[in-house]
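Please read the structure below before turning to the comments.
The values are calculated or read from the model by the stated rules, or taken from the named source; none is laboratory data. Note that the coordinates shown come from a computational prediction; the quantities given were computed from them, not determined experimentally. Cβ placement follows ideal geometry from the backbone for every residue including glycine, while neighbour counts extend to all protein chains displayed.
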Amino acid sequence: MRVAMIGTGYVGLVSGACFADFGHDVTCVDKDAAKVETLNSGGIPIYEPGLDLLVQRGVREGRLHFTQDLTDAVREADAVFIAVGTPSRRGDGFADLTYVYAAAKEIAQVMDGHTVVVTKSTVPVGTGDEVERIIREARPDADFSVVSNPEFLREGAAIDDFKRPDRVVVGTNDERARAVMTELYRPLYLNETPIIFTARRTSELIKYAANAFLAMKITFINEIADLCDKLGANVQEVARGVGLDNRIGRKFLNAGPGYGGSCFPKDTLALVRTAQDADSPVRLIETVVDINDRRKRDMADKVIAACEGDVDGKTIAILGLTFKPNTDDMREAPSLEIIPALQKAGARVRAFDPAGTVEAEHLFQDVEFTSGPYFCAEGADALVIITEWNEFRALDLSRLKSTMKAPVMVDLRNIYSPEEMSAAGFTYTSIGRPD
Ligand code: UDX
């Protein structure tokens, strides 16, 4: 099949490269000349493990192309994917669909023959109807259908999530579109990955409902962790005991500083707004949004408490700035709330992140960025782990202790255990576990 992928961000580039790896002929289109130039010269503008090899293989084998001009790509395509950004609209939290509608208008101008237009971007329920209206208005004669095909890609695991998904969701009532989508996902079809065909609006809602549920599950265990702190219970054992119930499942029950990223915060807010607009508020998710926002802010208080209630004039070393490991993405990262709050309380902050420093450097003021965990900890009054990078999972605790001013660690991801930290002579604070 011939595929045009409009947008080369996390979703577009991973999806395009994976479709090319499935054997399709894919042309990725982006307005950003520098990004297209980087991609055509073998560079990868985003941090996603394994993506460089996949893209280079697709380009080398002549199945993956990059261009700024969508004309030829769309004209020759059996399927045109809209994979542009749908950020939270400033002020009200609705999804900003400017780029989606602009892409629809451009596609309408150049499409030729039977074309399946696919919204891969996360879009509010009903967006497919509007995309169809825009294209129909511009091209009353065109032979096309608009299909929803949401992505369920986790940053840092996106290629695996695309190639070995739990399911593929396709929203269409058009038989020809169904045939095209089945052919596109043929390698997954052959290995019996469930492909759910449903109505377009239902498909659009599945995406939001899935992300909102995952955000809720994380927020649930985070609140249970706070209760564990008060009751002297161990949240990791609670999560294990609860997660072994196969109706609940063990994943996404790791207590932490609150969720971040480019999806959960934006998608929960968009669902809340859509539901309010439909006069059917999702009050549970409204509460999840509120709890999570507060939690990220409250984490600084946890650090201050671990420093005997005062960080004024103290040096705090931060390990991990990105919203999760194996990404350089800083969007809605808890560090963006924690570090300014510590600085406001008078702390001097040093930081290290294996991949996020370039992104982080223009997001913080007066933070000293360092080249590794031990250098970061040098002379620090406390060490705070915010992101659970593997690099932080087996630190030499005696070396840490000798380089720090005081052996104080605040572990917001429960990487270490209270027992080992006590044995190593640290004053140790973590999330939802008795000292
Ligand atoms: C998420 C969804 O998982 C994915 O299906 C969707 O397509 C996009 O949004 P992503 O945001 O990349 O993916 O990362 P994810 O691994 O889901 O983590 C999201 C946030 O939740 C991170 O801040 C992470 O630290 C946090 N999290 C995750 C927890 O705090 N605890 C957990 O147990 C899992």
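Quick one: would you say residue 204 is within 23 Å of the chain's Cα centre (by Cα) and either under 21 Å from residue 151 (Cβ atoms) or of a type in the set (Asp, Glu) (or both)?
Working: within 23 Å of the chain's Cα centre (by Cα): yes; either under 21 Å from residue 151 (Cβ atoms) or of a type in the set (Asp, Glu) (or both): yes.
So residue 204 passes the test.
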Considering each residue of region 198-239, count those that are closer than 12 Å to residue 285 by Cβ and buried (at least 19 other Cβ atoms within 10 Å of the Cβ), and give that number. 7
Report whether or not residue 92 is acidic (Asp, Glu) and either modelled with pLDDT of 95 or more or within 16 Å of the ligand (Cβ to nearest atom) (or both). no
Search region 151-176 for residues being more than 12 Å from the ligand (Cβ to nearest atom) and in a loop (DSSP other than H, G, I, E, B), and hand back the single one that is nearest to residue 113 (Cα to Cα). 174
Going by the conditions given, is residue 295 assigned to a helix (DSSP H, G or I) and more than 22 Å from the chain's Cα centre (by Cα)? no
How many residues does region 339-395 contain that are of a type in the set (A, V, I, L, M, F, W, C) and at pLDDT below 95? 3
Within region 310-356, of all residues that are hydroxyl-bearing (Ser, Thr, Tyr) and buried (at least 22 other Cβ atoms within 10 Å of the Cβ), the one farthest from residue 376 (Cα to Cα) is 327
Hits in region 92-107 - residues which are of a type outside the set (S, T, N, Q) and assigned to a helix (DSSP H, G or I): 99, 100, 101, 102, 103, 104, 105, 106, 107
Just to be sure before I move on: is residue 148 among the hydroxyl-bearing types (Ser, Thr, Tyr), crowded, with 16+ Cβ neighbours inside 10 Å and away from the ligand (no atom under 13 Å from the Cβ) in the structure I sent? yes
Identify, from the list 300, 333, 317, the residue that is of a type in the set (A, V, I, L, M, F, W, C), at pLDDT 95 or above and in a loop (DSSP other than H, G, I, E, B). 333
Just to be sure, is residue 155 under 25 Å from the mean Cα position of the chain (by Cα) and at pLDDT below 95? yes
For region 383-407, pairs from a residue that is touching a residue at least 12 places away in the same chain (Cβ under 8 Å) and closer than 14 Å to residue 425 by Cβ to a residue that is in a loop (DSSP other than H, G, I, E, B) and among the aromatic types (Phe, Trp, Tyr), with Cβ under 6 Å and 6 or more apart or across chains, are 407/426
Can you tell me which of (1) free of Cβ contacts under 8 Å to residues at least 60 places away in the same chain; (2) touching a helix residue (DSSP H, G or I) at 6+ places or on another chain (Cβ under 7 Å) is the one residue 36 doesn't meet? (2)
